[in-house]
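Data first, discussion second: the structure below is written as C-alpha cells.
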Amino acid sequence: MLIWIGFQHLVEAMPQKFKAVLKAKGELEWYNGFCPDKRPFFCYFNYNLKLVTANMTWEDALIYCRDKFFDLASASEKYQLEILQDNSQASTTEAVWTGLHFLAGEWHWVSKSFRHIPYQEEPYRCGALNIMTNQWENRDCEEKLHFLCY
C-alpha cells in the first residue's frame, strides 16, 4: 500500500505534478506519485508556539489565538509541556495563559480533555503556567497575562 506523505520536489528533475509517497507495507521505500491519484494519507501537526506579549484576559487570548493562529496552547503530552515551559520564559508576566479551563467539573484543554495533573477547581477557572515555578495555576480569568498560541 502506498500513502501520501506530502513532500514535493525531492529531486530537482521531478516534474511538479509528482509528490512523494511512501510504501507502507514491507520495507519502507520512497516512490514518486502522480498528484491526481487518490491514496490514503496521514496528517502531521508541527507544534510551533508563539508567545504573545500583549496583556489579555483568558477569553481575549483565546479569541486572539483563534483569529491569528490556531488556538491557545495545550499540553496533553509531556514533550508539549516542556515546549510550553521553554517558550514561556521570555514573558514578563508572572504566568502565561494556556488553553486550560475548568468546565463541567473537570479541567480541559481547549483542544482535548485534561486529566493528567491533579488540579484544584477553586477559586478560579482558567489555567496558566507560572514561568518561575513551571507549575500550573488556576487564575482569575479576567487577569491580563501574556499567552501562548499555536
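The numbers here are math on the coordinates, done by the rules we state, and not lab data. On a predicted model such as this, the values are computed, not experimentally measured, just so you know. In this analysis, Cβ positions are derived from the backbone assuming ideal geometry, glycine residues included, and neighbour counts consider all displayed protein chains.
Condition first: crowded, with 17+ Cβ neighbours inside 10 Å and either of a type in the set (D, E, K, R) or without any contact (Cβ under 8 Å) to a residue 60 or more places away in the chain (or both). Now tell me which residues in the stretch 52-68 satisfy that.
Leu62
Considering only residues that are acidic (Asp, Glu) and either free of Cβ contacts under 8 Å to residues at least 40 places away in the same chain or under 17 Å from Gln135 (Cα atoms) (or both), which ones fall in the stretch 69-82?
Glu77, Glu82
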